[in-house]
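Chemist: Okay, here's the structure, questions in a sec.
The values are calculated or read from the model by the stated rules, or taken from the named source; none is laboratory data. None of these values were measured; they are calculated from a predicted model. A quick note on method: Cβ atoms are made from the backbone with ideal geometry, for glycine too, and the neighbour counts reach across all protein chains shown.
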Amino acid sequence: MARRIDKDKAIRLRKQGYSYSQIKDTIGVGKGTLSGWLADYPLPDARIRELRDWSQQRIEHYRETRKKSRDAVFEKIYQQEKKKILPFSKRDLFIAGLFMYFCEGSKTQSATVQFTNTDPTLINAFLQWLEIIDL
């Protein structure tokens, strides 16, 4: 008797335009069972397109796929450019350090070197620069 109630509810929901997944989540019946029950109740093409186009799973999968593709392109470009410019010569690092100091160094006191940025990567690069110029 309970199965008949579930089947009737599934048919009612299908007639309202619910997908198998939505019906399954509502009444807790497997998609295989629903396939048998609802074989005579197909959705109109417009509703199928609507469900497909606004599917959160499809949208999220598309976003993830695009992100992976974008990340792969960026990584490839990064690796190619890294091969072109690395390793930095002492001259390259010296010039980069001058620019870091020019942009982020304190110039208010004479005979002192101060670096005012708190980014650990920049601080490390600045410390490497100090080793190169051998203060």
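Chemist: Could you count how many residues in segment 1-38 are in a loop (DSSP other than H, G, I, E, B), surrounded by fewer than 17 Cβ atoms within 10 Å (Cβ to Cβ) and not aliphatic (A, V, I, L, M)?
Modeler: The total comes to 4.
Chemist: Is there a residue in segment 54-75 that is exposed (fewer than 10 other Cβ atoms within 10 Å of the Cβ), in a loop (DSSP other than H, G, I, E, B) and without any contact (Cβ under 8 Å) to a residue 60 or more places away in the chain?
Modeler: yes
Chemist: Just to check your reading of the model, which residue among 41, 101 is of a type in the set (Ser, Thr, Tyr) and assigned to a helix (DSSP H, G or I)?
Modeler: 101
Chemist: Going through segment 100-119 one residue at a time, which ones are exposed (fewer than 13 other Cβ atoms within 10 Å of the Cβ) and either among the acidic types (Asp, Glu) or under 33 Å from the mean Cα position of the chain (by Cα) (or both)?
Modeler: Across segment 100-119, the qualifying residues are 103, 116, 118, 119.
Chemist: Let me ask something additional. Does at least one position in segment 23-35 carry a residue that is in contact with a Gly (Cβ under 9 Å, 6 or more places away or on another chain) and farther than 30 Å from residue 117 by Cα?
Modeler: Yes - at least one qualifying residue is present in segment 23-35.
Chemist: Pairs only if they're at least six apart or on different chains, beta carbon under 9 angstrom, first in segment 16-30 and in contact (Cβ under 8 Å) with a residue 24 or more places away in the chain, second of a type in the set (Gly, Ala, Ser); list them, first residue then second.
Modeler: The qualifying pairs are 19/55.
Chemist: Do any residues in segment 93-107 that are of a type in the set (S, T, N, Q) have Cβ atoms under 6 Å from those of residues that are part of a loop (DSSP other than H, G, I, E, B) and at pLDDT 85 or above, where the two are at least six apart or on different chains, and which pairs are they?
Modeler: Every condition considered, the pairs that remain are 106/116.
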